[in-house]
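Chemist: Take this structure, written in structure tokens, and hold onto it; I'll ask about it next.
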């Protein structure tokens, strides 16, 4: 089982719709959870982070964390063509070999 | 405030050579981490440095090494290059550790021929 799994997509949604991106992780000791957005040919940039169970909202973005189910999601409301990018889920793992594990990303396409 | 600066932007090497990549973090950031990005494997964590010490390490062979200087600037070295080392190498910095927002540089695109 991969440590952080995402559906590779592409996920296609019409402009104005809600885009739902999902991520599962395998290590129950994972501590912090991130969503990075990466445009083609550019570096990743952080759009959301969440540390505890529940929802966290920032503008059009909502991150949801369920540690019992080992599941993180990102909702993008009122999707815009400028949201078209690859979304990377990332999870930090503590312990003696702490590191940051990325999923392979979900490619989102928002159609005008 | 200047962002994370990586040099060089592009590199072409041949198998068996070694390469050194450089990263200057955002001023005040003390944690510097390195990543390898390929189309097949995605973004993979290499290692993290803090106060000139390697604090965390990913699952890469010993040919991949790094160091951090007293001014938090970091270098990454890959020895005995293999074709599979062709990738985009990204550096990121943060104030303290990996459990907070990372700021990524533009990366160094390494091609091994």
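The values are calculated or read from the model by the stated rules, or taken from the named source; none is laboratory data. Just so it is clear, the structure is predicted and the values come from calculations on it, not from any experiment. Please note: Cβ atoms are built from the backbone with ideal geometry, for glycine as well, and neighbour counts cover all protein chains shown.
Chemist: If a residue must be touching a strand residue (DSSP E or B) at 6+ places or on another chain (Cβ under 7 Å) and in contact (Cβ under 8 Å) with a residue 40 or more places away in the chain, how many such residues does segment A:37-46 contain? I'd like the intermediate steps shown before the answer.
Modeler: Residues of segment A:37-46 touching a strand residue (DSSP E or B) at 6+ places or on another chain (Cβ under 7 Å): A:37-39, A:43-46.
Now restrict to residues that are in contact (Cβ under 8 Å) with a residue 40 or more places away in the chain: A:37-39, A:44.
Of the residues in that region, 4 qualify.
Chemist: Let me ask something additional. Modelled with pLDDT of 95 or more and within 13 Å of chain A (Cβ to nearest Cβ): does that describe residue B:106?
Modeler: yes
Residue-by-condition table, conditions (1) at negative phi; (2) in contact (Cβ under 8 Å) with a residue 12 or more places away in the chain:
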{"site": "B:14", "(1), (2)": "yes, yes"}
{"site": "B:20", "(1), (2)": "yes, yes"}
{"site": "B:35", "(1), (2)": "yes, yes"}
{"site": "B:39", "(1), (2)": "yes, no"}
{"site": "B:45", "(1), (2)": "yes, yes"}
{"site": "B:51", "(1), (2)": "no, yes"}
{"site": "B:70", "(1), (2)": "yes, yes"}
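Chemist: Same structure again: So which residues in segment B:1-35 are more than 13 Å from residue B:66 (Cα to Cα) and in contact with a helix residue (DSSP H, G or I) (Cβ under 9 Å, 6 or more places away or on another chain), if there are any at all?
Modeler: Residues satisfying the conditions are B:13, B:15.
Chemist: Just for strands (runs of 3 or more DSSP E) wholly inside segment A:15-112: which have at least 2 residues that are within 15 Å of the chain's Cα centre (by Cα), more than 14 Å from chain B (Cβ to nearest Cβ) and buried (at least 21 other Cβ atoms within 10 Å of the Cβ)? Write out each step before concluding.
Modeler: Values: elements: A:19-25, A:30-38, A:45-50, A:54-58, A:61-66, A:71-76, A:85-93, A:99-102, A:106-111.
In segment A:15-112, the matching strands (runs of 3 or more DSSP E) lie at A:19-25, A:71-76.
Chemist: Name the residue that is farthest from residue B:87 (Cα to Cα), counting only residues in segment B:53-68 that are in contact (Cβ under 8 Å) with a residue 12 or more places away in the chain and away from chain A (no Cβ under 14 Å).
Modeler: Selected residue: B:68.
Chemist: Residues that are in contact with a strand residue (DSSP E or B) (Cβ under 6 Å, 6 or more places away or on another chain) and crowded, with 18+ Cβ neighbours inside 10 Å: find the strands (runs of 3 or more DSSP E) completely inside chain B holding 2 or more of those. First the steps, then the outcome.
Modeler: Values: elements: B:5-7, B:10-13, B:19-24, B:31-38, B:42-50, B:53-57, B:64-68, B:74-78, B:87-94, B:108-112.
By residue number, B:19-24, B:31-38, B:42-50, B:64-68, B:74-78, B:87-94, B:108-112.
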